[in-house]
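This report refers to the structure that appears directly beneath it.
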Amino acid sequence: MPGGRAQVYYKKDHKFDAGPTVITAPFLFDELFTMFGKKREDYVEFLKVEPWYRFEFTDGQKLDYGEGIEKTIEEIERISSGEGQGYRRLIKFSERIFNVGFDKLADQPFNKFLTMLRQIPALLSLRSYLSVYNFVGSYLKHNHLRRAFSIHPLLVGGNPLKTTSIYCLIHYLERKWGIWFPKGGTGALVQSLAKLAVEVGVKFELQKQVKEVIVQDGRAAGICLSNGDKSYCDLLAFDADPPKVYSKLIEEKYRSKWTDTRLNKLSYSMGLFVWYFGTNKKYPNVKHHTIIMGDTFKELLAEIYDKKVISDDLSLYLHRPAATDPEMSPSKGDSFYVLAPVPNKKASIDWKLAGERVRIQIQKQLEKSILPGLGDCLEVSFFVTPDDFEDRFNTLWGSGFSIAPILTQSAWFRFHNKSEELEDLYFCGAGTHPGAGLPGVVSSAKVVEKLVPPSRDTEKIRFQELFRTKSRTFALASLVLPKERAEAIFRLYYVCRTLDDWADEGHLEKLKNAMECWENHQPHEILDHYRFLQARWGLHSEPLTKLINTMLREQDGVAITDMDELLDYCHGVAGTVGLMTCPIFGVTNEKAIKHANDLGIAMQLTNICRDVHEDAENGRVYLPAEFFKCKPHPSHFLTQESDDFLDEVASVKIRVLAEADKRYKSGEKGISYLPWRVRIVVRWAGRMYSEIGKVIRSNPSAYHSKRAVVPNWNKLLALIPSACRSFLK
Ligand SMILES: Cc1cc2nc3c(=O)[nH]c(=O)nc-3n(C[C@H](O)[C@H](O)[C@H](O)COP(=O)(O)OP(=O)(O)OC[C@H]3O[C@@H](n4cnc5c(N)ncnc54)[C@H](O)[C@@H]3O)c2cc1C
C-alpha cells in the first residue's frame, strides 16, 4: 500500500498507524493540495491535539506540554519554580533558529558547497555547534525539564547529545503551527495524498521491488524490477533510503563519492522497536502522545548509540489516537502503539530472539506506570524490529530514520537531492536534505521540484540562443546577471515568447489549450517551464493567467478604444512579465512590484509606437481610437492616404510615448529595491528601451513604416550612466 513508514496495519477490529502520528507544519500539506487547485480540507480533516505531549517521570511527576505558552510555563513552574523565564528565552532563540533553519534553508537545494559556505556565519551565530541537550541545558536546569525539552532529535532519528541545536527549531515549529492529527489517522492523510496523486495523473505500481538502477552513459536510464521487468525513463526520482539505493541498487563501479566504505562509515539513526497492541477495555485517562521517561537519559542514549545494547531502562513513546479521534479504536477497546528507541542493526542483536523479550519488558513497564492490568485485556499484539525496517522498509542497517541528523551529515553533507553520482537521478525523503519527519520529507520533495527542470539541460542553450537572437536589447543586459538568474530569465522569456508568437500568428487553439491545461493543472510542454520557475523562484500564477487571457482576447481582433483599455492591455501582456521577473530578481517588496508593472507597461507602449505599421499589417490597431478624429482602421495605416493622417498618427504616438515616460519614471523608482547587479540590468534595459521612444519622437513620420532602432554604440553608452547610478542606489 502507499505510505511507506506511514502505512496502516489492520488487525481484528483494530487499526494502527505504523509510524508518524505527530503532524507539525500542516501548511505543507495544504500547499501541496493548493498547487493542484484543490483544498486539503476536502480530502482530510486535521484535528487539534491537546496536550501535545504528556511526559511521565519515574518519580510520579507529570508535565503537560501544549498550546498556550502560559499554560506550559505553569507546568514548568510546578516542576521547577523560576524556570518559566528560561523556557520563554528558549522559545525566543528557537524562533531565530527557525527563521534561518526552516524558513530559509529547509526547502532550498544544498547541492553546491558554496550554498553551505554562505550559511556558516548564520549557523555559528545560531550556536549550531552545540548539541540540542547542551543548548536546552543553557535555558532549563531541572533534570526533568532538560530531558523533556531535548527529546526532539529522537523524533527524527538523532541523539540529543550529539544532534546540532539547529533541530531546536522544532520547538518553534510546534509553537507556530501546533500539533495535529488527521481524522481517521495518519493513514487517512496518506489516502488523501494518494487520491490527489491519482487525480493528477500519477500511476502507482504497488507490490513491486526495484532491484537495480540501469546506468547508461553516466546517467540513470531506468530501473530493473525483481521480476526482471525493465522500465526506461528520462529521469529517476527515488524516495527510498539513499544509502540503500547506492549500496544495493547501483553497482559500485558507478560510484565515486558514495563508495561502500564511505557508506559504511556514516552515522546511522537508531533502530525502532514498535509494539502495536489492542485492548478490550478503554484507558480514557491516557493522553494521545505520552512520553514515559526512564530513570536514565545519557546512559540510555549511550546504550542505544555507542554501546549498541538493549537497555534495561527504556524510555517509551505511547500512542493512543482515540484520545483525539474516538473512531481510532473499537467501541469497547483501545488501540495503541508503543515505541522504544533501540540500537540499529550495526549492533549484534538477534531480533528473532530479543523481540519478544523486549516486548515483555515494555509491557511490564507500562503495567507499572500508566496501563495497569494491561496483560489481562490484550486482544491484539504484534511488533516490528530493526529487522523489519531493513527488510520491509528497505533502510540500510534497519535504521528508523536513515542517516543521523548530526552537523556533518546535514545540508550539503547529507545525500544530495540531485545525485552526485549519476545524471538524471534525484532523491527525496528522510535520508536527503533537509531530513526525516513529515515536514522534512515534504520539504525534500519541494527541493527536488526546484532542481528538476521540465526538460533536459541541453534545452538551456536553446533558451539562451532564442533570447540572444530575438531580444538583443535584453540579451546585452543579461550579461551582467548572475548565471542562475540569467538562466531563469531565458526560460521565462522562452515561455512568454512562445505564447506571444502563438498570439501574433493567430494560433487560437494552442492558446486555448494552454489555458485549459493551466487552469486544470495538467502537464503542458511550455507552461511546465513556468511551473518549474514557480517552484524554483516562487513566481505567482496570476500574472500568467492574465497574460494568456489577454492574448486570447487579442485573437478576437484588436481595436483599442481608449487609454484605459490600452493600459490594461499593456499590463496584460507586459506588466505581467515585469511581475514575473520580480521573484527571479529577489524582489518581494509590494511597492517595488507596482513599479515593475509600470516598467513593463512603459516598454509595451514603446513597442506599440514602434510597430504601428507592422501591427496594422496583422489587422491590429493599438493606438487608442479616442485620440483620432475618426476611428482608425488598419488599412488607413497601410495605405498612408494623406499627410494629415500621418501627422495625426505622429501626434498620437507622442501622447502614448508621454504616458510611457511617466511609467519609465515610476519603473526607475522601483529599481532601488533590486540587488545592485540586477539594478544595472533593469536600469540599462529601461534606458535602451526609452531610447527607442526618443528615436521615434525625433521624426515620428519617418518611422511610420520603418522600424525605429537604437544603434548598438548608443546602447552600450547607456550602460555607463546605468552602472554608475546603480552603484549608488
Ligand atoms: C515509528 C515511527 C514514528 C514516526 N513518527 C513521526 C511523527 O510522529 N511525525 C513525523 O513527522 N515523523 C515521524 N516519523 C518519521 C517519518 O515517518 C519518516 O521520516 C517518513 O515517513 C519517511 O518518509 P520517506 O518517504 O522518506 O520514506 P518511507 O516512508 O520509508 O517511503 C519509502 C518508500 O519507498 C519504498 N521503497 C524503498 N526501496 C524500494 C525499492 N527498492 N523498490 C520499491 N520500493 C521501494 C518503501 O517501500 C516505501 O514505501 C516516524 C517514523 C517512524 C518509523
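Overview of values
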quantity: Solvent-accessible area per residue, Å², over region 79-178 with all protein chains present [probe radius 1.4 Å]; calculated: 40
quantity: Label point distance in nm, Lys510-Glu565, each placed 7 Å from Cα along Cα→Cβ; calculated: 2.7
quantity: Rg/Rg_globular for region 469-531, with Rg_globular taken as 2.2 N^0.38 Å and Rg from C-alpha atoms; calculated: 1.28
quantity: Approximate spin-label separation Leu378-Ser226, in nm, with each point projected 7 Å along Cα-to-Cβ; calculated: 2.9
quantity: Rounded if a/c under 1.5, otherwise prolate or oblate - region 185-302, Cα gyration tensor axes; calculated: oblate
quantity: Region 581-623, accessible area per residue, ligands and nucleic acids excluded (1.4 Å, Å²); calculated: 35
quantity: √(5λ) per eigenvalue of the Cα gyration tensor, region 355-514, largest first, Å; calculated: 55, 20, 13
quantity: Trypsin sites (Lys or Arg not before Pro) within region 212-260: DSSP coil, no more than 12 neighbouring Cβ in 10 Å; calculated: Lys257
quantity: Trypsin sites (Lys or Arg not before Pro) within region 528-634: DSSP coil, no more than 12 neighbouring Cβ in 10 Å; calculated: Lys629
quantity: Stretch gain in nm, segment Lys332-Lys629, where the contour uses 0.36 nm per residue and the Cα spacing is subtracted; calculated: 98.2 nm
quantity: For region 579-632, alpha-carbon Rg over 2.2 N^0.38 Å; calculated: 1.56
quantity: Exposed chymotrypsin sites (Phe, Trp or Tyr not before Pro) absent - longest run of the chain, DSSP non-H/G/I/E/B, at most 15 other C-beta within 10 Å; calculated: 205-729
quantity: In Hz, Karplus ³J(HN,Hα) per residue of region 555-570 (6.51, -1.76, 1.60; θ = phi - 60°; x = Gly, Pro); calculated: 5, 7, x, 10, 8, 6, 8, 9, 4, 4, 5, 5, 5, 5, 4, 5
quantity: Histogram of C-alpha separations across region 486-643, 5 Å bin width, %; calculated: 2, 9, 17, 21, 18, 14, 10, 5, 3, 1, 0
quantity: Antiparallel content of DSSP bridges confined to the chain, in %, to 5; calculated: 80
quantity: Straight-distance crosslink candidates among aspartates and glutamates, where the alpha carbon sits under 17 Å from Lys39 and sequence neighbours closer than 8 are dropped; calculated: Asp30, Glu31, Glu199, Glu519
quantity: Point-charge dipole on Cβ atoms (K/R +1, D/E -1) for the chain, about Cα centre, debye to 20; calculated: 2320
quantity: Pair-distance profile P(r), taking every C-alpha pair of region 375-432, with 10 angstrom steps and integer %; calculated: 20, 34, 27, 10, 7, 2
quantity: Cleavage-rule hits (GluC sites (Glu not before Pro)) in region 19-53: DSSP loop, at most 16 neighbouring Cβ within 10 angstrom; calculated: Glu45
quantity: 11 Å beta-carbon shell around Lys211, net charge (K/R +1, D/E -1); calculated: +1
quantity: Semi-axis lengths, Å, the chain, gyration tensor of Cα atoms, sqrt of 5 times eigenvalues; calculated: 60, 26, 25
quantity: Tail weight of P(r) past 22 Å, computed on alpha-carbon pairs of region 272-394, percent; calculated: 36
quantity: Percent accessible area from carbon and sulfur atoms, region 505-621, protein chains only, probe 1.4 Å; calculated: 47
quantity: Computed P(r) (all Cα pairs; region 1-112; 5 Å bins; percent); calculated: 2, 8, 11, 14, 17, 16, 14, 10, 6, 2, 0
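The values are calculated or read from the model by the stated rules, or taken from the named source; none is laboratory data. The structure presented is a predicted model; accordingly, all values stated were derived computationally and were not measured. Every residue, glycine as well, gets a Cβ built from its backbone with ideal geometry; the counts of neighbours run over all protein chains shown. The accessibility values were calculated without ligands, DNA or RNA, using every heavy atom of the protein model including side chains. Shrake-Rupley method; radii C 1.70, N 1.55, O 1.52, S 1.80 Å.
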